[in-house]
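*Asks:* Handing you a structure now.
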Amino acid sequence: MKNFSAALLLLLLSSFALAQNGIIKGKITNLKNNEAIPFATVIIQGDTKGTTSDIDGNYEITGLEPGLYNLEASFIGFKTQRVFEIQVSNARVATADIQLEEAAVELEVAEVATSSFANKEEAPLSVRKIGINEVKRNPGGNRDISRAIRSLPGVASIPSFRNDIIIRGGAANENRFFIDGIEIPNINHFATQGASGGPVGLINVDFIQDVEFYSGAFPATRGNALSSVFDFGFKEGRTDRWAGNLVVGTSDVGLTLEGPTGDKSSIIMSARRSYLQLLFEQIGLPFLPTYNDFQFKWTAKPDDKNRITVLGLGAIDQFSLNLNLGQDPTEEDFERNRYLLDVLSIDTQWNYAIGAKWDRFDEKGRWTFVLSRNMLNNRSFKHVDNDESLPLVRDYISQEIENKFRLERRLFLKNSVKLTYGLNYEYAKFNNRSDFQEFSFENGNVVPFNFYSEFDMHKFGAFAQSSKRFLAERLVLSLGVRMDANEYSSEMLNPLNQFSPRFSASYALTPRLSANFNTGIYYQLPAYTVLGYTENGRLVNRDKGLKYIRNKQLVAGLQYDYPERNTVISVEGFFKDYDQYPFSVDKGISLANLGADFGVIGNEEVRSISEGRAYGAELLLQQKLYKGWFGILAYTFVRSEFKDATGAYRPSSWDSQHIVSLTGGKKLKRNWEVGFRFQFSGGLPFTPYDVESSLRADVWDVARRGLLDYSRLNEERINAFHQLDIRVDKKWFFDKWNLNVFLDIQNIYNQVTPLQPILTVQTDENGLPIQDPNTPGSYAGQLLDASNGNVLPAIGIIIEL
């Protein structure tokens with residue numbers, strides 16, 4: 001045994017003794033036409049190591065110790081480009097292809113510093129670029145992009161285990177997602193149909209190269225968004241050899257493989273399987289989620305003028321009930337578990353998205369052709385007493401199918417003019433049905449109904465955006481427009497009704513300080529569940545004049561760049577004016593207040609009459625990795641309000657008011673890394689129960705849950721939410737493989753946030769409701785605690801080959 005230990009120690013020491021074999025290589029190309037840039041300078045930031053690209057634009061930096069490096073690439077007549085946090089190891093060659101943009105004038109003359117961050121000419125503000133390592137190491141993020149973005153300004157921290165994306169006071173269904181320019185409908189497992197949230201991220205972060213996140217100033221190429229646009233860049237598979245990694249975490253296990261599929265093509269693919277249901281069963285939760293996902297990206301580059309991408313991702317989600325609970329009155333949370341088992345359904349959901357993109361480069365720019373298809377199949381059902389041998393009391397099933405095509409032309413013209421234009425077409429199909437009892441509550445009475453709806457529709461749109469630099473590149477102006485239409489109704493068929501202009505301006509007050517501005521009018525099609533609501537075989541909301549949701553936005557701010565330290569400071573103010581939002585006829589509220597729960601949003605009669613507003617200010621102080629340190633301080637003041645049935649403004653369900661996020665960390669010696677994230681969010685509003693109506697026997701026997709009193713919409717608030725998460729990583733780099741072990745602890749000081757209590761009925765020993773002796777025809781009620789907050793430790797192992 002002693003000899004074995006000595007041999008193992010010698011092996012480890014020899015591995016570390018060879019730890020100077022790290023390599024970074026890639027290709028430097030022209031952003032305009034994808035042509036190679038020879039003799040470009042590529043250096044390690046803060047180091048003397050560097051190289052120049054060869055005649056074909058290829059470069060290689062060797063002799064690096066394992067770790068994270070920032071690169072700077074430059075060439076005369078081009079803007080300097082920085083690439084952050086490239087992971088170098090002995091086992092793998094790190095690849096970083098860099099595109100440089102031509103400068104209209106010599107930068108030394110113009111005295112305009114290149115920003116280290118994601119600002120664009122069409123979006124000089126409200127856009128952030130997130131690197132893959134920022135997502136992976138985010139404390140409390142669990143390698144999930146939906147949680148990692150909570151470190152950024154404008155993004156709400158929700159006191160639940162869901163991934164609802166709430167941006168600048170907008171609802172969870174106001175976000176759009178793209179991967180390499182191919183649109184996908186959702187990025188979460190167990191998606192809420194008609195919204196976008198879910199408890200677990202769908203995208204495997206090992207695929208992500210970077211993420212561009214827009215919270216405003218949306219480019220004309222990205223339509224149908226009111227609160228945010230996410231543009232994910234998936235990395236390409238390795239072209240030198242096959243490699244892989246295995247991730248074993250607290251909630252799932254995943255395998256990723258990548259490698260060449262020919263001389264000029266490669267693939268990366270992965271599969272994940274959760275065992276979250278085992279953990280939930282052990283800690284005594286009443287619901288047991290299981291998820292699976294699969295994704296791939298295939299890339300071919302026949303020559304420098306053509307690039308073909310095919311990618312796909314899919315998920316199979318199952319949500320079952322833990323029927324071992326709610327049986328023993330002495331068990332902890334007995335009443336709460338029994339209530340949840342009584343109201344929760346069994347949900348099965350699967351979805352996929354697949355798309356192909358062809359980029360064709362020429363001397364003036366590029367053509368892009370995108371073809372894609374996505375589908376969602378969602379079923380929710382429940383049996384009497386959760387016994388599958390007994391009849392169903394609920395059975396809902398729905399499908400959404402979209403087939404899309406987009407043509408885009410990008411031109412780099414003379415005198416620093418850029419022009420993008422194109423068109424899009426989409427054919428969509430939707431159906432849903434409820435074969436058993438649904439209900440509405442009208443005039444004090446329960447109205448049961450079943451429904452079935454099915455329709456298809458053609459959508460089309462066109463867009464154009466142009467930008468130009470003036471005053472030796474100190475002033476940048478951008479003007480864009482898009483129009484969308486569809487055949488759902490005569491109102492929506494006229495594209496002028498959805499005329500969507502946008503304008504941006506940026507002026508460099510000094511080489512480091514810029515003033516930025518954007519305004520625009522944006523439109524979003526209501527959810528398919530709203531479009532497809534049917535009564536007696538007719539599309540009710542179409543006949544009632546349903547319209548696109550409209551949002552007028554104004555954003556202005558200042559940004560200070562300190563590129564030598566990879567630091568940016570920005571202040572932004574925003575105003576969002578909503579109208580034509582769907583307003584529920586039954587509930588008397590805007591649908592903007594819904595979407596933060598499981599289920600389906602929008603299966604009801606609405607009117608396009610709701611108005612609302614969201615306004616506030618944001619502060620960001622961010623330092624990307626510099627001398628081992630990194631950090632983000634973000635503060636947001638936001639008010640989100642929608643008019644109620646009387647026309648008075650009421651706080652919306654997303655009115656957080658104050659949001660604070662402080663994230664930081666340090667890379668230590670011997671490949672240790674520590675990080676933390678503190679989150680604070682003001683208490684969210686909630687609508688109290690209509691207790692008297694809810695506890696009526698005829699109502700409760702059908703609804704089985706408390707009904708909200710929408711005449712008191714969002715009159716109350718939960719307490720403020722705050723939480724501290726920490727993460728510790730340790731990495732080992734060997735000649736043939738790498739090992740990363742991490743400890744992530746969410747809510748380390750065990751903050752408990754009281755949520756809206758659960759209204760239910762008192763029951764006897766047989767589980768039957770008890771009559772209220774003081775109110776004939778009603779049950780005796782009780783309120784159950786719905787506090788949320790636990791210390792959640794997670795340990796993970798990542799093996800890279």
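*Asks:* Here's a check for you: in the stretch 544-585, which residue that is closer than 30 Å to LEU707 by Cβ and open to solvent by 60 Å² or more (accessible area, probe 1.4 Å) is farthest from the chain's Cα centre (by Cα)?
*Replies:* Once the filter is applied, the top-ranked residue is LYS544.
Conditions (1) over 26 Å from ILE184 (Cα atoms); (2) open to solvent by 10 Å² or more (accessible area, probe 1.4 Å), marked per residue:
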| residue | (1), (2) |
| --- | --- |
| SER227 | no, no |
| GLU236 | no, yes |
| TRP242 | yes, yes |
| LEU257 | no, yes |
| ARG272 | no, yes |
| LEU276 | no, yes |
| LEU279 | yes, yes |
| ILE283 | yes, yes |
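*Asks:* Name the residue that is surrounded by the most Cβ atoms within 10 Å (Cβ to Cβ), counting only residues in the stretch 25-42 that are touching a Ser or Thr at 6+ places or on another chain (Cβ under 8 Å) and in a strand (DSSP E or B).
*Replies:* Ranking the qualifying residues of the stretch 25-42, first place goes to ILE28.
*Asks:* Also, I was wondering about something else. Kindly provide the set of residues from the stretch 609-638 that are among the basic types (Lys, Arg), over 30 Å from GLN580 (Cβ atoms) and surrounded by fewer than 21 Cβ atoms within 10 Å (Cβ to Cβ), ordered by number.
*Replies:* The one that is among the basic types (Lys, Arg), over 30 Å from GLN580 (Cβ atoms) and surrounded by fewer than 21 Cβ atoms within 10 Å (Cβ to Cβ): LYS627.
*Asks:* Let me ask something else about it. Could you please give the count of residues in the stretch 720-756 that are open to solvent by 50 Å² or more (accessible area, probe 1.4 Å), more than 30 Å from ILE23 (Cα to Cα) and not in a strand (DSSP E or B)?
*Replies:* So the count comes out to 6.
*Asks:* Something else: If the requirement is being aliphatic (A, V, I, L, M) and modelled with pLDDT of 85 or more, which of these qualifies: ALA96, ALA113, ALA118?
*Replies:* ALA96
*Asks:* Go through LEU493, LEU509 for me and flag whichever is closer than 24 Å to ASN224 by Cβ and at pLDDT 95 or above.
*Replies:* One residue alone meets the criteria, LEU493.
*Asks:* How many residues, within the stretch 487-512, are outside any loop (DSSP other than H, G, I, E, B), of a type outside the set (A, V, I, L, M, F, W, C) and touching a residue at least 60 places away in the same chain (Cβ under 8 Å)?
*Replies:* Number of matching residues: 4.
*Asks:* Within the stretch 513-609, considering only strands (runs of 3 or more DSSP E) that don't extend past its boundaries, which have at least 3 residues that are without any contact (Cβ under 8 Å) to a residue 40 or more places away in the chain and closer than 22 Å to SER500 by Cα?
*Replies:* Answer list for the stretch 513-609: 549-562, 567-584.
*Asks:* Would you confirm, using the coordinates I've provided, whether THR62 is of a type in the set (Val, Ile, Thr), out of contact with any Ser or Thr (no Cβ under 6 Å at 6 or more places or on another chain), at pLDDT 90 or above and exposed (fewer than 15 other Cβ atoms within 10 Å of the Cβ)?
*Replies:* yes
*Asks:* Moving on. Hey, does the stretch 527-539 have a residue that's open to solvent by 10 Å² or more (accessible area, probe 1.4 Å) and on the phi > 0 side of the Ramachandran plot?
*Replies:* yes
*Asks:* For GLY57, all conditions in the list (1) of a type in the set (Gly, Ala, Ser); (2) modelled with pLDDT of 95 or more; (3) more than 20 Å from ARG238 (Cβ to Cβ) hold save one; what is the number of the exception?
*Replies:* Of the numbered conditions (1) of a type in the set (Gly, Ala, Ser); (2) modelled with pLDDT of 95 or more; (3) more than 20 Å from ARG238 (Cβ to Cβ), the odd one out for GLY57 is (3).
*Asks:* Name the single residue, out of those in the stretch 680-716 being closer than 22 Å to GLY647 by Cβ and among the aliphatic types (A, V, I, L, M), that is least open to solvent (accessible area, probe 1.4 Å).
*Replies:* For the stretch 680-716, the residue satisfying everything is LEU713.
*Asks:* Right, next: Quick one: which strands (runs of 3 or more DSSP E) sit completely within the stretch 642-710 and have at least 3 residues that are of a type outside the set (D, E, K, R)?
*Replies:* The qualifying strands (runs of 3 or more DSSP E) are 657-667, 672-681.
*Asks:* Anything in the stretch 291-308 that is crowded, with 20+ Cβ neighbours inside 10 Å and closer than 26 Å to GLY198 by Cβ? List them, or say none.
*Replies:* Within the stretch 291-308, TYR291, ASP293, GLN295, PHE296, LYS297 qualify.
The values are calculated or read from the model by the stated rules, or taken from the named source; none is laboratory data. In this text, all values refer to a predicted model and were calculated from it rather than measured experimentally. Positions of Cβ are generated from backbone atoms using ideal geometry, with glycine treated the same way; all protein chains shown enter the neighbour counts. Protein only, heavy atoms only, side chains kept; ligands, DNA and RNA dropped before computing areas. Shrake-Rupley method; radii C 1.70, N 1.55, O 1.52, S 1.80 Å.
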